[in-house]
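Visitor: If you scroll down you'll find the structure; I have some questions about it.
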Amino acid sequence: MRDAVAAEWIKLRTSPAARYCLMAAAAMLPVAVLIAWAAAQAWDALPAGEKAGSISSLPRFAGWGMTLALGVMGALSVSREYASGMIRTTFAALPRRGRVLAAKAVVCGAVAPVTALAVLVAVWWATRAVLGDRAMEGVPGPFSEEWWPIAAMAAEAAVFALLGLGLAALARSAVASVAALGALWYLLPMVVQFLPEPWNERAGSVLPGGLAAQIASPASAAGSVYGDLLPPWGAALAMALWALVPLVAAWPLLRVRDA
């Protein structure tokens, strides 16, 4: 297993596609800083008696954007090998295909949350520095208050990376897996809002993009396009299912399909 993990790590760190996905995740930092700067400029331009306003949670915004980039990284770690034919070489060197899938999951499942955690901490620090002591709603609080939501969002990034990996192992197509991932990330949360009550909130509560907020606190999930019906343990269980079910479904198919 160690050799398989080492091989997948070499593939990931030398892959231009993975590098671009990680750069896209890191780009959420300057985007968040730019939004914070614009909000600070608008605040400062208001007359003294009219200074009121709010800003969306920028760490949460950055986490939401990163999940797609890291999910695509997971999908491409499988689909690019099928597209190039390199998967045959991989399976020739490591005939136990389930071990190959597990090694990919270990590498992507480690790189995604570490990347997300680093970017989210940087977003928290940078946006606090830009916004300063302005009395705006939504300004990140002290790290003692923010570390748990940040950790939950880092876990959500790992879920999307493993979800993308599992979808790609099932579909063996970059287009299909990324399209399915994008639908789960953006399209489906919009669609479920049109379901009749209470099914809209029930469906929204179990979608992968809304689970981190429910783990962090019910208050942080309120008002989003997702629901807030799950307790923290239920949201954590839903995260595990989103990450593992596609991988478990792909495992037997990987063993019987031609490369």
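Visitor: Here is a list of conditions, (1) farther than 21 Å from residue 234 by Cβ; (2) surrounded by 23 or more Cβ atoms within 10 Å (Cβ to Cβ); (3) among the charged types (D, E, K, R), and residue 128 meets all of them except one; can you say which number that is?
Guide: (2)
Visitor: Write out, first by first residue and then by second, each pair whose Cβ atoms fall under 7 Å of each other, whose residues are 6+ apart or on separate chains, and whose first residue, in segment 91-118, is under 16 Å from residue 77 (Cα atoms) while the second is buried (at least 17 other Cβ atoms within 10 Å of the Cβ) and among the polar types (S, T, N, Q).
Guide: Listed by first residue and then by second, the contacts come to 100/90; 104/77; 108/77.
Visitor: Ok, one more. Among the residues of segment 20-37, which ones are surrounded by fewer than 21 Cβ atoms within 10 Å (Cβ to Cβ) and farther than 25 Å from residue 76 by Cβ?
Guide: Passing the criteria: 33, 34, 35, 37.
Visitor: Return the total of residues in segment 18-51 being modelled with pLDDT under 90 and under 24 Å from the mean Cα position of the chain (by Cα).
Guide: Of all residues in segment 18-51, those modelled with pLDDT under 90 come to 35-51.
From the residues that got through so far, the ones that are under 24 Å from the mean Cα position of the chain (by Cα) too are 35-36.
Total meeting the criteria: 2.
The values are calculated or read from the model by the stated rules, or taken from the named source; none is laboratory data. Only a predicted model underlies this, so the values are computations on that prediction, with no experimental measurement involved. Don't worry about glycine lacking a Cβ; one is built from the backbone with ideal geometry, like all the others, and counts go over all protein chains shown.
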